[in-house]
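The values are calculated or read from the model by the stated rules, or taken from the named source; none is laboratory data. Since the model is a prediction, treat every value here as computed from it, not as a measurement. All Cβ positions, glycine included, derive from the backbone under ideal geometry; neighbour counts span all protein chains shown. Just so you know, the surface numbers come from the protein's heavy atoms only, side chains and all, with ligands and any DNA or RNA stripped out. Shrake-Rupley method; radii C 1.70, N 1.55, O 1.52, S 1.80 Å.
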Amino acid sequence: MSECPLILYIHKHIDTYSQSYLFNDLFYPVYSGGRMVTYEHLREVVFGKSEDEHYPLWKSVIGGMMAGVIGQFLANPTDLVKVQMQMEGKRKLEGKPLRFRGVHHAFAKILAEGGIRGLWAGWVPNIQRAALVNMGDLTTYDTVKHYLV
């Protein structure tokens with residue numbers, strides 16, 4: 001019986017939440033795909049390995065940062081819409097009118113109001129964060145892989 005309020009709360013707000021989380025299915029393939037393809041290209045073609053087939057740490061750090069920047073820049077429109085859809089859930093909880101009917105409507109409205117440039121709103125702090133996160137992630141990935149394989 002004590003679970004009833006929670007179940008009602010979840011069912012009442014599931015539509016907005018599910019749309020924002022469903023949108024992750026669009027964001028992460030673009031972001032992760034973009035950064036991993038970029039990192040592999042930078043590692044193999046641009047920077048290359050040293051004579052002993054080892055990938056130096058400094059190259060991994062620079063490559064990780066660049067891959068994060070490129071991956072996040074490519075994914076910024078999907079990230080922007082994801083955040084906007086998550087904010088719709090908060091607006092609904094506060095009793096405010098919703099601005100978007102769904103993911104497609106959010107994309108269309110942002111595009112109509114800000115044009116193509118509007119889809120890249122907030123890209124500078126996003127790529128700064130992604131550069132630092134991927135510097136750590138991809139550098140650790142490559143370093144550990146080298147010692148384990």
*Could you bin all the Cα-Cα distances of the stretch 66-106 into 10 Å bins starting at 0 and give me the percent of pairs in each, rounded to whole numbers?*
29, 40, 21, 10, 0
_Inter-label distance, nm, simple model (7 Å from Cα along the C-beta direction), LEU93/LEU132_ = 2.6
*asked:* Given a Förster distance of 25 Å, report the FRET efficiency between THR143 and GLN86 from their Cβ-Cβ distance, rounded to the nearest 0.05.
replied: 0.15
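So between ALA112 and GLU51, what do we pick up on full extension, going 0.36 nm a residue minus the alpha carbon distance? Walk me through the numbers on the way to the answer.
Details: separation 61, 0.36 × 61 = 21.96 nm, distance 5.28 nm.
Gain on stretching ALA112 to GLU51: 16.7 nm.
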*Could you name the lysines in cross-link range of LYS49, using Cα to Cα under 20 Å and dropping any fewer than eight places away on the same chain?*
LYS59, LYS145
_Candidate lysines - alpha carbon under 26 Å from LYS92, same-chain residues fewer than 8 apart omitted_ = LYS12, LYS82, LYS109
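Would you mind getting the accessible area per residue of the stretch 91-141, heavy atoms of the protein chains only, 1.4 Å probe, in Å²?
Numbers: 3300 Å² over 51 residues.
Accessible area per residue: 65 Å².
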